[in-house]
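Chemist: I'd like to ask you about the structure that follows.
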Amino acid sequence: MTDDTDVWKIASAADAARARAAAAGIVVAAGTPALDRARFLTSLSARLRNCLDQGGTWELRLLTGGTEHEGRLDVRLRPFDGGTAQNEPACEPVLSCPLPNPPAPGGRAGRPTSPSRALLSADEDTAAVLRLLDEQERLVQLHREELHQTNQGVLALHSDLEAAALAQRELLEAERSARAEVERARRLLNFLADASAAITSSLSPTEVLRRLTDLLVPEYAARLDVWLFDEEQGDEETGPVQEHSRAAVVAARTGRPQHAAAHPGNLPGTDDLPPAAMSPDRPLLAIPLITHRLLGVLTLIAPGPRFDADTCLMLVELGRRAGVALDNARRYEQHRDTAEALQRAQLTELPDPDGLLLAARYLPATQGMNIGGDWYDAFLQPDGSLLAVIGDVTGHGMHAAVVMGQLRTALRAYAVEDNSPAEILTRLHRMLRHLQPQLYATAMIARFRPGDPEVVWASAGHPPAVVRDADGSVRILDDAPGVMLGIPIAFTYADHVTRLPAGSSLVLYTDGLVERRAHGIDPGIERLRQALAGLSTPELEQDLDAAAEALLKPLMHDSERDDDVCLLLCHTVTYPAS
């Protein structure tokens, strides 16, 4: 296939116009798109203007067809004289334009009849390009509007996301704050429960105040003062002052908690007052101690710049419970002192019979009410015999002490009639069943007769007596005892006889001496037996009181006792000849 070539000589603007018109005719006839035509013809016009500007005659070749140029139009420009134009490589295609419908081989594309017609055709191309540009501009505007809407949506989405994130942060912060408040409330409630248990477990007013101070200082109070109306507290342990703040005085007068500070605390259930002279820089909280009456005022100096509402509520409630604990402790002390005085009044002075040494010890319990129904007694009969008695009324406190006094008095009355130990216990049992049906007692009675090496004894549910013989051997009077006094059954007690020659000892005691909750009573009786075996006859006869102390020491090695202890030690000596 051969190339179709049009050759044009370009020496003037008219030549250039005709050549351009020929090229335009080819691309129009071939159906080249308007945009491609416009680009091609605009570039060709620029080349032609450049040739005219350089002057001379130029040769323009329009090449179509053939294998090399199939489907396009190539345009080459070169000087006509065979030389090379400036800035234009020779024999090189400088422009190309696609031809969708190439002309048939050997044919010629239709040419415009005149440059003016070609000019009009160029305007059509320009109009087509402008229409295309308008369309593209509309598309661009549409895309710009879509982009704007998208941007607005993205901004709105970002705003929503930011608002959601802020709301989530606020919810998380609120949850964190709520959890902190719950944890703080739980901690305050736990502290209140623990503190209440600590102050109510003691029955000593001094100990209650000491524990209250240890609990509150320094976490909840920088300093603590207690003003008790019945007495002025002023020891180093509780640290109260003699002069009281105005807030404490107002709390005592009104019975309402008072808060004194430079700024109102607005605490629940609390009145606000100006700052106190004793604490001008820190808030002061005065809490009345109220039970069935107003006992006093608890004054707290804040550990920091303020008291918060939850802590104030906890402190006011703790103050109320401290008032109850103090009132209970005071009532307990009053009952204890009365019962102890009553009980000690029942512990008579021991007689000094011929041929018999007596020593007694009484130790009140160190825990609980401290006063029980333990008692001992020893008294002479008209015939010269001596009754040694030891007993224990169940329970503690005033009632047990009163019943113990009743039993002691009744026992002495029954003994006047020269009854045997068993007969006395039988009558006591009958009396207690009728007078105190809900109260029981144990007792043991031993009768010593001058010059008689035998002792008659009887027991009502009491721990067995321990005997040390003159040769140093120790035995336990383990004959079966009778029932406890007051048990709701009819019972007659029996007398027992044991030898107790000169140089022998009889130990009567209550269960508080030998019984321990963790070990029972038998190990304690064995320790008492060993302690009695460790004493010699000279020790017993020279100082029986010291011997009684020696018996107590190994059994009372622990300082805490939850029961009373009574010990009556009887030692026989050679009866003087008449």
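The values are calculated or read from the model by the stated rules, or taken from the named source; none is laboratory data. Just so we're clear, the structure is a prediction, and the values are computed from it rather than from any experiment. Cβ atoms come from the backbone with ideal geometry, glycine included; neighbour counts cover every protein chain shown.
Chemist: Could you list, in sequence order, all residues of the stretch 23-34 that are surrounded by 19 or more Cβ atoms within 10 Å (Cβ to Cβ), out of contact with any Cys (no Cβ under 6 Å at 6 or more places or on another chain) and aliphatic (A, V, I, L, M)?
Modeler: ALA23, ALA24, ILE26, VAL28, ALA30
Chemist: Let me ask something else about it. Return yes or no: is GLY56 surrounded by fewer than 14 Cβ atoms within 10 Å (Cβ to Cβ) and modelled with pLDDT of 85 or more? Steps first, please.
Modeler: Numbers: surrounded by fewer than 14 Cβ atoms within 10 Å (Cβ to Cβ): yes; modelled with pLDDT of 85 or more: yes.
In short, yes.
Chemist: Report every pair of residues separated by at least 6 positions or lying on different chains whose Cβ atoms are under 8 Å apart, first residue within the stretch 539-554 and in contact (Cβ under 8 Å) with a residue 24 or more places away in the chain, second among the basic types (Lys, Arg) and in a helix (DSSP H, G or I).
Modeler: Sorted first by the residue in the stretch 539-554, then by its partner, the pairs are PRO554/ARG527.
Chemist: Just wondering, is there one or more residues in the stretch 478-499 that are hydrophobic (A, V, I, L, M, F, W, C) and in contact with a Pro (Cβ under 9 Å, 6 or more places away or on another chain)? Explain how you work it out, then say what you get.
Modeler: Filtering the stretch 478-499 for residues hydrophobic (A, V, I, L, M, F, W, C) gives 480, 483-485, 487, 489-491, 494, 497.
Subset that is in contact with a Pro (Cβ under 9 Å, 6 or more places away or on another chain): none.
There is no residue in the stretch 478-499 that is hydrophobic (A, V, I, L, M, F, W, C) and in contact with a Pro (Cβ under 9 Å, 6 or more places away or on another chain).
Chemist: Take the residues of the stretch 517-536 that are outside any helix (DSSP H, G or I) and free of Cβ contacts under 8 Å to residues at least 60 places away in the same chain: which is nearest to ALA547 (Cα to Cα)? Give the derivation first.
Modeler: To start, the set of residues in the stretch 517-536 that are outside any helix (DSSP H, G or I) comprises 517-521, 534-536.
Among the residues that remain, those that are also free of Cβ contacts under 8 Å to residues at least 60 places away in the same chain are: 517-521, 534.
Numbers: ARG517: 27, ALA518: 28, HIS519: 26, GLY520: 25, ILE521: 22, GLY534: 10 Å.
Per the stated criteria, the residue is GLY534.
Chemist: Output the number of residues of the stretch 501-516 satisfying the condition of being assigned to a strand (DSSP E or B) and not β-branched (Val, Ile, Thr).
Modeler: First pass over the stretch 501-516, keeping only residues assigned to a strand (DSSP E or B): 505-509, 516.
With the extra rule that they be not β-branched (Val, Ile, Thr), the set shrinks to 505-506, 508-509, 516.
Selection size over the stretch 501-516: 5.
Chemist: Only one of these is at pLDDT 80 or above and part of a helix (DSSP H, G or I): ASP160, ASP123. Name it.
Modeler: Numbers: ASP123 fails: at pLDDT 80 or above.
Every option except ASP160 fails the conditions.
Chemist: Pick out the one residue from ARG499, ARG517, ARG475, ARG527 that is within 55 Å of the chain's Cα centre (by Cα) and farther than 29 Å from HIS399 by Cα. Working first, answer last.
Modeler: Values: ARG499 fails: within 55 Å of the chain's Cα centre (by Cα); ARG517 fails: farther than 29 Å from HIS399 by Cα; ARG475 fails: within 55 Å of the chain's Cα centre (by Cα).
Going through ARG499, ARG517, ARG475, ARG527 in turn, just one is within 55 Å of the chain's Cα centre (by Cα) and farther than 29 Å from HIS399 by Cα: ARG527.
Chemist: Kindly indicate whether ALA14 is more than 60 Å from the chain's Cα centre (by Cα), over 15 Å from ASP125 (Cα atoms) and modelled with pLDDT under 85. Before you say what the answer is, go through the steps one by one.
Modeler: Values: more than 60 Å from the chain's Cα centre (by Cα): yes; over 15 Å from ASP125 (Cα atoms): yes; modelled with pLDDT under 85: no.
No.
Chemist: Moving on to the next point. Any residue at all in the stretch 183-198 that's in contact with a Lys or Arg (Cβ under 7 Å, 6 or more places away or on another chain) and polar (S, T, N, Q)? Can you show your working first?
Modeler: Step one: filter the stretch 183-198 for residues in contact with a Lys or Arg (Cβ under 7 Å, 6 or more places away or on another chain), giving 196, 198.
From the residues that got through so far, the ones that are polar (S, T, N, Q) too are 196.
Among the residues of the stretch 183-198, at least one is in contact with a Lys or Arg (Cβ under 7 Å, 6 or more places away or on another chain) and polar (S, T, N, Q), which makes the answer yes.
Chemist: I'd like the residue in the stretch 266-318 that is polar (S, T, N, Q) and not in a strand (DSSP E or B) and, out of all such residues, is nearest to LEU216 (Cα to Cα).
Modeler: Step one: filter the stretch 266-318 for residues polar (S, T, N, Q), giving 266, 270, 279, 291, 299, 311.
Pick out the ones that are also not in a strand (DSSP E or B) and you get 266, 270, 291, 311.
Working: ASN266: 22, THR270: 19, THR291: 21, THR311: 11 Å.
Here the answer is THR311.
Chemist: Among the residues of the stretch 12-50, how many are assigned to a loop (DSSP other than H, G, I, E, B), of a type in the set (Gly, Ala, Ser) and in contact with a helix residue (DSSP H, G or I) (Cβ under 9 Å, 6 or more places away or on another chain)? Even if it seems obvious, please write down each step before you answer.
Modeler: At the first step, the residues of the stretch 12-50 found to be assigned to a loop (DSSP other than H, G, I, E, B) are 12, 30-33.
Remaining after also requiring of a type in the set (Gly, Ala, Ser): 12, 30-31.
If we keep only those that are in contact with a helix residue (DSSP H, G or I) (Cβ under 9 Å, 6 or more places away or on another chain) too, we end up with 12.
So the answer is 1.
The rows are residues; the columns are (1) over 27 Å from the mean Cα position of the chain (by Cα); (2) crowded, with 17+ Cβ neighbours inside 10 Å.
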site: SER245; (1), (2): yes, yes
site: ARG256; (1), (2): yes, no
site: HIS259; (1), (2): yes, yes
site: LEU285; (1), (2): no, yes
site: PRO288; (1), (2): yes, yes
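Chemist: While we're looking at this one, here's another question. Quick one: is ARG37 among the charged types (D, E, K, R), surrounded by 16 or more Cβ atoms within 10 Å (Cβ to Cβ) and within 22 Å of GLN136 (Cα to Cα)?
Modeler: Working: among the charged types (D, E, K, R): yes; surrounded by 16 or more Cβ atoms within 10 Å (Cβ to Cβ): yes; within 22 Å of GLN136 (Cα to Cα): yes.
Considered against the rule, which asks whether it is among the charged types (D, E, K, R), surrounded by 16 or more Cβ atoms within 10 Å (Cβ to Cβ) and within 22 Å of GLN136 (Cα to Cα), ARG37 comes out as yes.
Chemist: Here's another thing I want to ask about it. When the stretch 39-52 is examined, which residues are found to be hydrophobic (A, V, I, L, M, F, W, C) and within 23 Å of GLU70 (Cβ to Cβ)?
Modeler: Looking only at the stretch 39-52, we keep the residues that are hydrophobic (A, V, I, L, M, F, W, C), and these are 40-41, 44, 46, 48, 51-52.
If the condition is that a residue be hydrophobic (A, V, I, L, M, F, W, C) and within 23 Å of GLU70 (Cβ to Cβ), then PHE40, LEU41, LEU44 are the ones that fit.
Chemist: Another question about this same structure. Looking only at the stretch 5-63, which residues are without any contact (Cβ under 8 Å) to a residue 40 or more places away in the chain and touching a strand residue (DSSP E or B) at 6+ places or on another chain (Cβ under 7 Å)?
Modeler: Selection gives ASP15, ALA16, LEU48.
Chemist: Anything in the stretch 288-338 that is acidic (Asp, Glu) and touching a strand residue (DSSP E or B) at 6+ places or on another chain (Cβ under 7 Å)? List them, or say none.
Modeler: So in the stretch 288-338, the residues acidic (Asp, Glu) come out as 308, 310, 317, 327, 333, 337.
The answer is ASP327, and nothing else.
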